[in-house]
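Undergrad: For reference, the structure I am asking about is given below.
What follows is calculated from the coordinates using simple rules that are stated; it is not laboratory data. All values reported here derive from a predicted model rather than from experimental measurement. As a convention, Cβ positions derive from the backbone with ideal geometry for all residues, glycine included, and neighbour counts pool all protein chains shown.
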Amino acid sequence: MQIELIVLLVMIGSFLIANMLLKLPVSLSMMLGAVLGTLVGGEGIPLRHLFEGAFVYLDTMMIIATAMIFMNVIEKSGTIEALGAAIVRRFYKVPAVMLILLMLIIMFPGMITGSSTAAVLSAGAIVAPILMLMGIPASKTGAMLAIGAILGMAAPPVNIPAMLITGGVDMPYIGFALPLLALTLPCAVFTALLLGLPYCKNLDYEKVKTGLNLEVGSRHGFKLYLPIVTLFLLMILTRAFAAYIPNLGMPLIFLISSVVGFFTGEKLDVVKTVETSISTSVPVLAKLVGVGMFIQIMTLTGARGFIVINCLGLGIVMLWIFSITILPAFGAVSSFGGASVLGVPFMLSMLSGNHTITAAALAFLACMGDLMPPTALAGNYAAKIVEQRYAKVLPRCLIPLAFCLLLGLLFLIFSKNLGFLVL
Amino acid sequence: MKFQPDQLKGNRITAIAVCTVALLCLVVLAREFLSMRKAEPIYPGPGVTRTAMLSDYFEGIKGTAGDTEIYILEGKKPGASILVLGGTHANEPSGLLSAVLLIENAVVEEGTLYVIPHTNNSGFTCTDPQEAAPMRFTIDTPTGPRTFRYGSRSTNPVHQWPDPELYLHVSSGQSLSGAETRNINRTYPGRPNGNFTEKVSYAVTTLIRQEGIDVTIDLHEAAPEYPTINALVAHENAMPLASMAMFNLAMEGMEISLEPSPQNLHGLTHRELGDHTNTWATLMETANPAQGRLRGKTDERLVVTGQDKFYQMAAKYGNLYVPFDERGHPISGRVSRHVTGIMQLAQAYNDLDLGKRIVITNVPTYEEMNQDIGRYLATPH
């Protein structure tokens, strides 16, 4: 047995034992797996690599922490309740249209930031109470949020996995808009209708109305929505006028919008709101630290290369199969990591098709990794928003996920025929 | 002791213990990371007539980690000028070593040779998280070992941070993933009021304009699964020069492909320097398995020997763009390709008979360097 395989088995095995049997947190279990991996790999305990790996996701961690503050602010200031009431009042007669519109709202922040975390924590947090008001169960609402956020991350104009794959093969990130829309929009419509429509067909507005808080909206008026307007405005302006407006970064945009929220609605205890937000974020932040260490040690010991080379040693049919299994599954570590580590070699092995369609499909499939536990950034936060365990939400994601994987696979297989989408 | 997943209960003692261990790690590791800011010594050879700083061409980077030495080798007779960019990506070590070899050996009889060994100087002060690369590698010379830094593809985030989600290359309007904002070879021609990395690339562009550099050669390495490899990439203006050099290299037994610079891939030297200055912009790539996604154990041995069992398997599967057997792609071979490429580009320039020449001597041959690069590095002192 090759040493890299032994290292990999020890890392995964010790992680599972620590997490499932000893009930240690995912973060500590991953750290333990990484340390045992280095010992078995003959590297001792390389502090530098463990420390360096811990910083891989520093930027993402800052987005999560600040987005969590924003989410708490708009929740406690009454913005979410007011917005929910307004949307239901206006669209309850056309539930299918309302569901699709709400799905697009969930996707929007992901489309412009390329981050499913940003989508689920901003628009997801706003839309979730509306969906639940309409009678959709919490677990299905969580699934809509998770899938919607991931589809937003995959949709144009910003698809970071596609950028990572094209960067890895020196292809310009041009012509991706239509292929990515063709992949994401059908999935969004399918998911929204599958999970939501059965509960909204005969929406009884009078019944729903009793659950709506109409008072908070009338008390504060439009200014209640200013934090959300600020958030979307800053996101759009910094993208649209990137040459003129300095890059604020998502963490600062979330913080600015949160500060606005302190003055526009119900009164808030600033310190307590920030404290609650950060303590809610810590387990996920710690998880990212553990994942960073894990992937760095996989690279150091050759376990990462072992996975990649064993995927590539197979024919095109197996590559297609791996593209809808191993590639999204790599998201258990990181979806961006999946795009970079597996997406690029897969792309290089599929150059016989249409390059843009192939890269778009691979990037789309890599995005699905944000559903994969234990990291499952989109999934875990969607579950937190609807106050459910992710284990309850994930099964609800399976049919939409299967639809997405199937569509991605069809794009890979028929990439040559879909070249007309590349403009 | 059992804990709920993601909810670890602690107390004051565990908190103090964890903080103490973290502090100790920080002290030890900070020294290790900071040691990368100490540059490896370079010993200017008989051909170096003077040195300058990149900030001499753009004040905006003076006193920053982006400022770096330019070694200038002037001939007795004026003539054409060549600029060699080593260390554009600090994790592509043959670029740095080729530049060092030229500085320590080459003598220019006619014309001027400009050599920048650490083009993105900041990139040499850190490593890339997730890549698990060694911080240094050692080359044995007949008189003792010499150690060189193995840095990052990008500017150190300590010098430029945070990355935007999306990097907009202003002069072309091209969008790239945010991390590319610290990749100097995506920021050319640079901007005087841009970010840290754009200012460094702007300084290089200004040097080329002010000195009227005739030929620019940017030295790179790439993963063996990358399509543009063992290749010479040239801007359309530089094609006559590059094709003649490629022919000469083939005559010398060194196979290299010639690739045109893609017109719609912006920010790279071979595109932007050709478009925005009068230089003939070229770029060379060799194969470095230590950069690849398929590699096995990542260590100093891999960087120096270029041998990797997984890449041998990948070659058998047909996934690579270079041959790869048990001999791998040792650093001596990679440096010899670069240096020979530079010499042949200089020769091709002279063969084009443009009214000025550049004559570089005292550089070992392709075969000599291929045997052992260490023999041509200066004695450490």
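Undergrad: Project the alpha carbons of region B:205-263 onto their principal axes and report the range along each, largest first, in whole Å.
TA: 36, 26, 20
Undergrad: Convex hull volume of the Cα atoms in region A:140-297, per residue, in Å³?
TA: Once divided by residue count, the hull of region A:140-297 is 200 Å³.
Undergrad: How big is the dipole moment of chain B about its Cα centre under a simple scheme where the beta carbon of each Lys and Arg is +1, that of each Asp and Glu is -1, and everything else is neutral? Debye, nearest 20, please.
TA: 1280
Undergrad: Further, regarding this structure: For B:K62, which lysines qualify as cross-link partners when the Cα separation must be under 26 Å and same-chain residues fewer than eight apart are set aside?
TA: Cα-Cα hits under 26 Å: B:K38, B:K199.
Undergrad: Return the Cα extents of region B:220-318 along principal axes one, two and three, sorted largest first, each rounded to a whole Å.
TA: Reported extents, whole Å, longest axis first: 44, 32, 25.
Undergrad: Averaging over every viewing direction, what projected area does the convex hull of the Cα atoms of chain A cover, in nm²?
TA: 21.3
Undergrad: Please report the relative contact order for chain B, taking Cα pairs under 8 Å with a sequence separation of at least 6, and give it as a percent rounded to a whole number.
TA: 18 percent.
Undergrad: Can you pull the Rg over Rh of region A:292-399, Cα-only, Kirkwood?
TA: Result for region A:292-399 is an Rg/Rh of 1.02.
Undergrad: Another question about this same structure. For chain B, list the DSSP H helices whose alpha carbon atoms reach 27 Å or more along the long axis and whose average Kyte-Doolittle value is 0.0 or above?
TA: The qualifying helices are B:12-34.
Undergrad: Okay, next question. Which of the chymotrypsin sites (Phe, Trp or Tyr not before Pro) found in region A:242-274 are loop residues per DSSP with 13 or fewer other Cβ atoms within 10 Å of their Cβ?
TA: In loop regions of region A:242-274 (DSSP not H, G, I, E or B), the sparsely surrounded chymotrypsin sites (Phe, Trp or Tyr not before Pro) are A:Y244, A:F263.
Undergrad: What span do the alpha-carbon atoms of region B:318-381 cover on each of the three principal axes, reported in whole Å from largest to smallest?
TA: Cα extents, longest axis first: 46, 42, 17 Å.
Undergrad: On a 18 Å Cα-Cα criterion, which of the cross-link pairs A:K76/A:K287; A:K140/A:K207; A:K76/A:K209; A:K140/A:K392; B:K77/B:K356; A:K93/A:K384 come out too long?
TA: A:K76/A:K287; A:K140/A:K207; A:K76/A:K209; A:K93/A:K384
Undergrad: Applying 1/(1 + (r/R0)^6) with R0 = 22 Å to the Cβ-Cβ distance of A:E215 and A:R90, what FRET efficiency is obtained, to the nearest 0.05?
TA: With a Förster radius of 22 Å, E is 0.80.
Undergrad: Here is a further query. When each pair of different Cα atoms in region B:1-160 is counted once in the 1/r mean, what is the Kirkwood radius in angstroms, to one decimal?
TA: Computed over region B:1-160, the radius equals 18.4 Å.
Undergrad: Also, quick follow-up: Please go through region A:1-73 and write out the chymotrypsin sites (Phe, Trp or Tyr not before Pro) that DSSP classes as loop and that have at most 12 other C-beta atoms within 10 Å.
TA: Answer by residue number: there is no such site.
Undergrad: If you don't mind, another one. Using a Förster radius of 25 Å, what is the FRET efficiency between B:M239 and B:E109 based on their Cβ-Cβ separation? Nearest 0.05, please.
TA: So the FRET efficiency works out to roughly 0.40.
Undergrad: To continue, here is another question. Put +1 on the Cβ of every Lys and Arg and -1 on every Asp and Glu Cβ in chain A; which of A:S116, A:G290, A:V260 then has its Cα farthest towards the positive end of the dipole?
TA: Value computed over the given set: A:V260.
Undergrad: Give the Rg/Rh ratio for region A:6-132, taking Rg as the radius of gyration of the Cα atoms and Rh as the Kirkwood radius, to two decimals.
TA: Checking Rg against Rh, the ratio lands at 1.19.
Undergrad: Taking region B:102-206 on its own, what percent of its Cα-Cα pair distances exceed 20 Å?
TA: 51
Undergrad: May I ask what percent, to the nearest 5, of DSSP beta bridges between residues of the protein assembly as shown are antiparallel?
TA: If we restrict to bridges inside the protein assembly as shown, about 55 percent are antiparallel.
Undergrad: Can you compute the charge dipole magnitude of region B:105-169 about its Cα centre, using +1 on each Lys and Arg Cβ and -1 on each Asp and Glu Cβ, nothing else charged? Give it in debye, rounded to the nearest 20.
TA: That gives region B:105-169 a dipole magnitude of about 240 debye.
Undergrad: If we sort B:18-24, B:277-283, A:407-413 on the protection proxy, mean other Cβ atoms within 10 Å, highest first, what's the order?
TA: The most tightly packed comes first, giving B:277-283, A:407-413, B:18-24.
Undergrad: Quick one: grab Rg to one decimal and Dmax as a whole number for region B:30-124, Cα atoms only, in Å.
TA: In order Rg, Dmax, the Cα atoms of region B:30-124 give 13.9, 49 Å.
Undergrad: Quick one: work out the % antiparallel among DSSP beta bridges in chain B, nearest 5.
TA: Percent antiparallel among DSSP bridges in chain B is about 55.
Undergrad: Putting +1 on Lys and Arg Cβ atoms and -1 on Asp and Glu Cβ atoms, find which of A:A363, A:A162, A:C200 reaches farthest to the positive end of the dipole of chain A.
TA: Of the options given, the answer is A:C200.
Undergrad: Could you work out the mean count of beta carbons from other protein chains within 10 Å of each residue's beta carbon in A:21-31?
TA: 3
Undergrad: Return an integer: the convex hull volume of the alpha-carbon atoms of region B:41-376, in Å³ per residue.
TA: Dividing the Cα hull volume of region B:41-376 by its residues yields 125 Å³.
Undergrad: Only loop residues by DSSP count here, and only those with at most 12 other Cβ atoms within 10 Å; note down the trypsin sites (Lys or Arg not before Pro) in region B:17-98 that meet that.
TA: B:K38, B:K76
Undergrad: Scanning chain A for trypsin sites (Lys or Arg not before Pro) in DSSP loops with at most 16 other Cβ atoms within 10 Å, what's the longest stretch left with none?
TA: Excluding the exposed sites themselves, the longest stretch runs over A:268-388.
Undergrad: Moving on to the next point. Translational diffusion coefficient of region B:237-381 at 10 °C, 1.306 mPa s, Stokes-Einstein with Kirkwood Rh over Cα pairs, in µm²/s as a whole number.
TA: 92
Undergrad: Give me a comma-separated list of calculated 3J(HN,Hα) values for region A:311-320, in order, Karplus coefficients 6.51, -1.76, 1.60 applied at θ = phi - 60°, integers in Hz, x for any Gly or Pro.
TA: Computed from phi, the couplings for region A:311-320 are 6, 6, x, 10, x, 4, 5, 5, 5, 4 Hz.
Undergrad: Could you give me D for the protein assembly as shown, from Stokes-Einstein at 10 °C and 1.306 mPa s, where the hydrodynamic radius is the Kirkwood radius over C-alpha pairs? Units µm² s⁻¹, please.
TA: The estimated diffusion coefficient comes to 57 µm²/s.
Undergrad: Additional query: Compute for region A:1-45: radius of gyration divided by Kirkwood radius, i.e. Rg/Rh, restricted to C-alpha atoms, rounded to two decimals.
TA: 1.00
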